[in-house]
Structures are given as structure tokens and as C-alpha cells.
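Structure first, commentary second.
Nothing in this text is a laboratory measurement; each read-out follows from the coordinates by a stated rule. Quick caveat: nothing in here was measured; it's all calculated off a predicted structure. FYI the Cβ positions are ideal-geometry reconstructions off the backbone, even for glycines, and counts take in every protein chain you see.
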2 protein chains.
Amino acid sequence: MEYIKNRRSIRKYKCEDVSTELLNELLETAARAQTMGNLQLYSVIVTRDESMKEHLSPTHFNQPMVKGAPVVLTFCADFNRTTQWCLNRQADPGYDNFLSFMNAASDALLLCQNFCNLAEEKGLGICYLGTTIYNAGKIIDVLKLPRLVVPVATITLGWPDECPPQTDRLPLKSFIHEETYQDYTLADIDCYYSPKEALPENQHFVEINNKQTLAQIFTDIRYTRQANEAMSVALLEVLKRQGFIE
Amino acid sequence: MEYIKNRRSIRKYKCEDVSTELLNELLETAARAQTMGNLQLYSVIVTRDESMKEHLSPTHFNQPMVKGAPVVLTFCADFNRTTQWCLNRQADPGYDNFLSFMNAASDALLLCQNFCNLAEEKGLGICYLGTTIYNAGKIIDVLKLPRLVVPVATITLGWPDECPPQTDRLPLKSFIHEETYQDYTLADIDCYYSPKEALPENQHFVEINNKQTLAQIFTDIRYTRQANEAMSVALLEVLKRQGFIE
């Protein structure tokens, strides 16, 4: 529990490699995660090759961790392998639909988090790249993912070469609800978000970007409606191309 | 690492309760999981009330764990709280789209797996109910989830009153790919799935269901095309109703 309490994302890694033996042990143990019908609807693509990192880097908006980490792992929702199994066993697979995508994406994300816990327990540092679903189509091209395989998460992995301060979290009561969902009043919002808004680094962000509020940093700069809508279209197009929606 | 290696889903629980104090400690620690832009795009609904469990039970196909566990947790993708924050801070939120749903679903699933690891480390038993996205619309009604909130995972939680055998897993090499995806040959499929097919309990399933192969158990009985396609339509309808797609 202590290592999870003290966790922080690591973006700078030592030159030291992560051995195949250790990586395999962690992935094998991570696969104890719960999975739909014990089908393990995922694949993990391991990137160590420098030229492959060069190709992946722009798909993650050139975040320096991709080229800076010894290992990059791309966790994919995968109904291809199960479908191949069915086709070779006189069974008619019906997994080219949205529900099956969500089942496989869930399996892949649970595996991913299980892996992260195990890796951090061993002293490794990881950074989760949320950019994976933004540019899924390009990642599919680079990693040569077939039909019924879609990348849903990327982890950069290595031995930590930094110890950044821990980021804040909202208070527990802001995200738990007893029995039914209690919608938020303005007073609730003020109570839950004021500590975050008062952090010097967040006030600094607001100031240097000439914004009035921290929320505007998110809506106007980091996660804009325009970008979200364009990437939604692209992601649905990817699901179509990979056979998960019509 | 050892408790993950030895994990198994627990479906029978002792009468003993799980204290609010322990549950809160676990949820608070679980929230150290990585999250998009540190926005924590999730909510957790805690069900302890017997009548609420009665209402939830059919949404999970009356699996006995729902009424048998002291605590049921529903993990939800939640862009409602963040949207309320933006609206109260002169910011224009653009999170009523599919990409935002996937971002929030990812956050909720990572939180869920982090929670499971912490709970199992404390000796608690959990069972992951994949049925959540099958009947999301009914769960939304029971838990009174507002727009931009969708349930993505449910956990039943309690002190174990059984120690079932561990289930099998595919060999590691079946789901990792070096650098690029190597599609499966028939020989690969045979190699990876034969041990599973040879298990006495799986051979028994095939026999009592009058099937020829284990894969047919999945395609013809457990996860049929017809059910998957109907539930895909229902899930997309839920995303529309909750404001995540048009």
C-alpha cells in the first residue's frame, strides 16, 4: 500500500535497461488480473528499438518520455487472437461490435494498471500516456495492428532518474456517493476544487496564460472542445477501420 | 507481488462487514492512480443498503455476489463533476463527446484495478462484474446517475469465505509482441490454446453442452453474436442518453 500512496509519474529515466526477464515476469504476473470469461482480450506491444521509438514519438505528440525510456509498452484491446481461435475451432465469433471493443478495452486497461502496480513495487518508474487514443490510427500503422486490435494505453518504463513532487488529488468525498449519486451544488464545487485552485503552481499557470480561472486552462488550452470533437471523430473512424463498429 | 500472483476472484463472503474507515482508506489510496490531466474523471457509488442490492441484482443477471457481498462498488466514468466545475468557473466545457467518454472510462478502470490490488493486499476478496456495461441503462436508473456519468465496472467486496482453485492463463508469449504485431498462425493458436482446451473442467463443459469445441462454448452460449450485437446497440444508446455521443 505504501508504494501506491507515494507513487508519482516518472518522466526521466536512467540509462540502465530493463531486462527482458524482469519485464516478462511483471507482465506474466500482471495477467492474473480479472478478464472477461478468462479470454484475456489484450495484447502488449513491447518497443525497445530506437527507430520504432522515433516512429511512435510523434503519435504521442513528441513527449520526450517515448524516446527517453528504455521500454515503451502499448496495451491493446485485442479480439483478433480470440477470433482466430474460434475460426480454427468450428466456432462462429461475433466480436466485431462495440460491446466487444469495450470488453477488450476494459481487459487491457485492467492489465495495464496491474502491470503499473507491479512495476512500481519493483522500483521502476512509469508514465501513462493518455495520448494513445488520440492518435490510435497512426499507432496502428506503426505497430502493424490487425483488424480487431486497438491501442488503448501506453506506458513508458524505466528506472527513475527524478523524484518529482506528488501531485494533488481531490478529497475522497468529492468522488464517492453513498447508495445514489448526489449531484454537486456550487458550494460542493467550491469546497472540492478550491484547494487545487489555490496551489501556487496552478495560480502561476493561470497567470502566464492570461486566464481568469484554472478551469479555463483545461477548456481553452489543454482539452479543448474543438480538439475533443475532432479526436472523437478520428477514434470512431479507427473503431470502424478495425472492425468494432459498422 | 505475491498476493497478485496468488489472486483469485472471490464470490462467497463472510457475514462480517467491511468498515467505512477501511473502505475509505482504500479508495483514497486507489485515487493515487494516474488520471487524465489530474482531473479524476470518475465517481464510485457505494452500495450497502439491502434494498439497493435488490434493485441492482437483476442488472447483473442476478449473480448471487451482489446480494451476498457486504459492499458493492460501481465505478463510473464521470465528466459531470468536471463539467460543473467548468460551468462555475467561466469556462466552456467540451466534454460531451466520445473521446471524453473513453478518457473518463479509462480513469475509472485504472482506479478500479488500483482499488482491487489494495483491497486484495488487505485480505479482502473481490469479484469483478463484467455485466456492468451490458445493462448500463438500468444501473443508471437505479443509482440515479446524471448526464455525463456512465457505469463501467462493478466490484463485489467482502472478507473471503472460500478459496477456489486459481484459473488458468494463456502463456505470456501469446499476448506479447516484440516491436510489431505478429499475427497468429494455426500452429500458434494450437500451441497457446491446447492447454486450456485440455483442462478436465473445460472438457466437461464441452461435453455437457453437447459442443464440439471449447470455443463454441463462448460463441454459442456465453458470448453470442446476437447478445453482443443487441448489447452494443443498447450501450451506444446509453452513451447518447448520457450525452457522450450525438
Distribution of pairwise C-alpha distances over segment B:2-164, 5 Å bins, in %: 1, 9, 18, 20, 20, 15, 9, 4, 2, 1, 0
Please give the helix A:186-198 orientation as an angle from the longest Cα principal axis of chain A, in degrees from 0 to 90, rounded to the nearest 10. 90
Subtract the Cα-Cα distance of A:Cys15 and A:Glu162 from 0.36 nm times their separation in residues, and report this length gain in nm to one decimal. 51.7 nm
Per-residue mean of other chain beta-carbon atoms within 10 angstrom of the beta-carbon, peptide B:203-209? 0
Between segment B:168-208 and segment A:190-245, what is the C-alpha centre distance in whole Å? 41
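Fewest Cβ neighbours within 10 Å first, please rank B:Thr131, A:Thr156, A:Thr47, A:Thr167 accordingly. Kindly include the intermediate steps, with their values, before the conclusion.
Working: B:Thr131 17, A:Thr156 27, A:Thr47 24, A:Thr167 14.
In order of increasing Cβ crowding within 10 Å: A:Thr167, B:Thr131, A:Thr47, A:Thr156.
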Where the centroid of each part is defined by its Cα atoms, how far is segment A:19-88 from segment B:114-153 in Å? 25
A:Ile208 to A:Glu121: extension gain in nm, 0.36 nm per residue of separation minus the Cα-Cα distance? 27.6 nm
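In percent, how large is the relative contact order of segment B:1-123, given Cα pairs closer than 8 Å and 6 or more residues apart?
Working: 120 pairs, mean separation 44.6, N = 123.
Reported relative contact order: 36 percent.
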Assign unit charges at the C-beta atoms only (+1 for Lys and Arg, -1 for Asp and Glu), then state the dipole size of segment A:120-197 relative to its Cα centre in Debye, rounded to the nearest 20. 580
Segment A:1-97: which GluC sites (Glu not before Pro) are DSSP loop and have at most 13 other beta-carbon atoms within 10 angstrom? A:Glu16
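Peptide A:76-88: average number of partner chain Cβ atoms within 10 Å per residue? Provide the component values of the computation, followed by the final result.
On the way: counts 3, 0, 3, 0, 3, 9, 6, 3, 8, 14, 7, 4, 9.
Going residue by residue through A:76-88 and averaging, the value is 5.
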Give me Rg/Rg_expected for segment B:180-245, where Rg uses Cα atoms only and Rg_expected = 2.2 N^0.38 Å with N residues. 1.60
Peptide A:104-111: average number of partner chain Cβ atoms within 10 Å per residue? 5
Between B:Gln212, B:Phe115, B:Gly94, whose Cα lies farthest towards the positive end of the dipole of chain B when Lys and Arg beta carbons carry +1 and Asp and Glu beta carbons carry -1, centred on the Cα centre? B:Gly94
Considering only lysines 8 or more places apart in sequence, or on different chains, count the pairs in chain B whose C-alpha atoms sit under 16 Å apart. 11
In degrees rounded to 10, the 0-90 angle between helix A:98-121 Cα long axis and the longest Cα principal axis of chain A is 70
Under the 7 Å Cα-to-Cβ spin-label approximation, B:Asp183 and A:Ser194 lie apart by a distance in nanometres of 6.0
In terms of the alpha carbon gyration tensor, root eigenvalues a ≥ b ≥ c, rounded if a/c is under 1.5 and otherwise prolate when a/b exceeds b/c or oblate, segment A:88-246 is prolate
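Charges only on Cβ, +1 for Lys and Arg, -1 for Asp and Glu: so what's the dipole of chain B about the Cα centre, in debye to the nearest 20?
Values: 24 positive and 31 negative charges, 92 e Å.
The dipole of chain B has a size of about 440 debye.
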With only alpha-carbon atoms counted, please give the Rg and Dmax of the protein assembly as shown, in Å. 21.7, 70
Whole percent per 10 Å bin, from 0 to the bin with the longest distance: what is P(r) over all C-alpha pairs of segment B:1-96? 12, 32, 33, 18, 5, 0
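Would you mind ranking B:Met1, A:Met52 so that the residue whose beta carbon has the fewest other beta carbons within 10 Å leads the list? Walk me through the intermediate numbers first.
Details: B:Met1 13, A:Met52 19.
Ranked by crowding around the Cβ, least crowded first: B:Met1, A:Met52.
Please arrange A:Cys15, A:Cys191 by how many other C-beta atoms lie within 10 Å of their C-beta, fewest to most. Spell out each step's value before the answer.
Working: A:Cys15 9, A:Cys191 14.
The fewest-first ordering by Cβ neighbours comes to A:Cys15, A:Cys191.
Let's see if you can work this out: charge +1 on each Lys and Arg Cβ, -1 on each Asp and Glu Cβ, no other charges. What is the dipole magnitude of the protein assembly as shown about its Cα centre, in debye to the nearest 20? Could the numbers behind the result be given before it?
On the way: 48 positive and 62 negative charges, 59 e Å.
Computed about the Cα centre, the dipole is about 280 debye.
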